[in-house]
Amino acid sequence: TLDNGIKFSAKIEIEGDVAGAGNDESYMSISSATLGEVKIGGEDSVDVLVAIGMVEYGIGQGDVDNWLHNGITAIYVDPHVGLFSDEQKVTYLSPRFFGLQVGGTYVPEAKTSGGGGNLPDYFTDNGAAYMLAANYKETFGGVAVGASYGYSHYSGFSAAPDLSASGHAIGAEVGYAGFKLGGAFVRYDEDYGLGGVTGTGNDGHMWQIGVGYTTGPLKVSAGYVTSDIE
């Protein structure tokens, strides 16, 4: 932290006890209480960072593949689109003003730089992506409310026909006296599909809702999620 309040930091995630272990995400950030934060490197995009979804404590939607054999290559269970989570990117998050925070992400070399990679080659690379998001959190008389919105868009550089995809995600939550209720809706649309020009794509939608209760060090929650994909 500099004398003027600007903070510099770096984060490196290393997966040690999994197949193909190695560097998962790594990035640096520059932040200021008055100017916001800039993240550069392999970090989740802004729509992931600010997303609000169903309340879950302990085992939850992130563990769905461990106990549900869905038999398909993609399933939406998270409260965000989450395209290119480990790709090299630049993200900006504003300071929070009266409960509101906004931000954006740019991925110059989508689908090719998950492990590091070169600058984009507009003749051979798949394309670029950007994400926009907003998040609101405030408390009124002991009632905590929150809402989020995220938009993701991917466009190919040279594929014919041009591959593209876009998605929307909205979420909301309310909490009072240890109880919290939250949910989200996600819609994803592909133009020909990221995997190539085929008869099917990953078009789909998901909605979820969950309620939780906290008392002292104990937490309990229950939730429901449904996902439909082409």
Practice problem: Using a cut-off of 15 Å between beta-carbons, work out the net charge of the residues near Tyr136 (Lys and Arg +1, Asp and Glu -1, Tyr136 not included). | Solution: -1
Self-check item: Simple spin-label estimate for Glu230 and Leu100 in nanometres, 7 Å along Cα-Cβ
Solution: 3.5
Quiz item: Counting Lys and Arg as +1 and Asp and Glu as -1, what is the net charge of the other residues whose Cβ lies under 15 Å from the Cβ of Trp207?
Solution: -3
Quiz item: By how many nm would the segment from His205 to Ile12 lengthen if fully extended, with 0.36 nm per residue of separation less the alpha-carbon distance?
Solution: 66.2 nm
Quiz item: Using 0.36 nm per residue, how much length does the chain from Ile40 to Tyr213 gain when fully extended, once their Cα-Cα distance is taken away?
Solution: 58.6 nm
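Read the figures in this text as sums done on the coordinates, not as results from a lab. What you see is a predicted model, and the numbers here were worked out from it, not measured in a lab. All Cβ positions, even for glycine, are placed from backbone atoms using ideal geometry, and neighbour counts span all protein chains on display.
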